[in-house]
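Structure first, commentary second.
The values are calculated or read from the model by the stated rules, or taken from the named source; none is laboratory data. All figures in this text were calculated on a predicted structure; none of them were measured in a lab. When we count neighbours, we look across all protein chains shown, and the Cβ atoms used for this are built from the backbone with ideal geometry, even at glycine. Note: accessible area is taken over every heavy atom of the protein model, side chains too, but ligands, DNA and RNA are not part of it. Shrake-Rupley method; radii C 1.70, N 1.55, O 1.52, S 1.80 Å.
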Amino acid sequence: FDVMRMKNKRDGNTETAEVMKQLSDIFRKLITWDSDMITIQEELEFVNSYVLIQEYNNDSDFEIRIDIAPDAVSALIPKMTIQVLVENAFVHGIDKILDNKLIRLSVKKENDDIYITVSDNGPGFRQELAEALNIGDTELMKTKCIGIKNIVSRIKLYFHDDYSIKV
């Protein structure tokens, strides 16, 4: 990536060079993360690289509002939890609408609980999928919602029944 990035930079393609840097950062993180559990701060850095790539891909034709509580950034979560939710907001949410594309990401801490919310103004989940996710119906999730199913499986692995997901 660095060779392609430097060539693009030399040729005046600074936007493409920046995207190559973000891709390089993402790949580097994926192969060097030592643990499956990372801080929310580390996950947000990963998400930021992903969003910058999406800005390039979508000609910045969207708005993302991020509200992160400072007391939540050191909490541990399975890596690629927030990124997958943000990716779903792009792919299954705002990609389906033409104008005023908006994604919101919020992380807050209340007592010992962490609340992560990702929303978009796209068409939304089909009702039966939302209900299946809310009750943990893994049968329906086998063929649909694969990214979210993976998140649920990893969260359950680390937090057992001490979590909830609401769609």
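Before moving on, here are some points about what is shown:
- Test set (1) open to solvent by 20 Å² or more (accessible area, probe 1.4 Å); (2) farther than 23 Å from GLN54 by Cα; (3) part of a strand (DSSP E or B) - ILE66 fails condition number: (2)
- Within region 25-52, if we keep just the residues that are closer than 19 Å to ILE64 by Cβ and of a type in the set (D, E, K, R), the residue that is surrounded by the most Cβ atoms within 10 Å (Cβ to Cβ) turns out to be GLU43.
- All told, ASP59 falls short of being among the charged types (D, E, K, R) and on the phi < 0 side of the Ramachandran plot.
- Residue match in region 1-10 (condition: farther than 26 Å from ILE94 by Cα and outside any helix (DSSP H, G or I)): yes
Residues checked against (1) under 22 Å from TYR115 (Cβ atoms); (2) at pLDDT 90 or above; (3) under 14 Å from the mean Cα position of the chain (by Cα):
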position	(1), (2), (3)
GLU43	yes, yes, yes
ASN48	yes, yes, yes
ILE53	no, no, yes
SER60	no, no, no
ARG65	yes, yes, yes
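Listed here are the residues, each with its yes/no results for (1) surrounded by 15 or more Cβ atoms within 10 Å (Cβ to Cβ); (2) part of a strand (DSSP E or B); (3) in contact with a helix residue (DSSP H, G or I) (Cβ under 7 Å, 6 or more places away or on another chain); (4) at pLDDT below 85.
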residue	(1), (2), (3), (4)
ILE77	yes, yes, yes, no
ALA89	yes, no, no, no
SER106	yes, yes, no, no
LYS109	yes, yes, yes, no
SER119	yes, yes, no, no
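- Residue that is modelled with the highest pLDDT [pool: residues in region 122-167 that are assigned to a loop (DSSP other than H, G, I, E, B) and closer than 14 Å to LEU85 by Cα]: GLY122
- Taken over region 30-39, the criterion of being assigned to a helix (DSSP H, G or I) and closer than 14 Å to VAL84 by Cβ is satisfied by LEU30 alone.
- Residues of region 2-24 that turn out to be closer than 19 Å to GLU45 by Cβ and either open to solvent by 90 Å² or more (accessible area, probe 1.4 Å) or among the hydroxyl-bearing types (Ser, Thr, Tyr) (or both), as a count: 1
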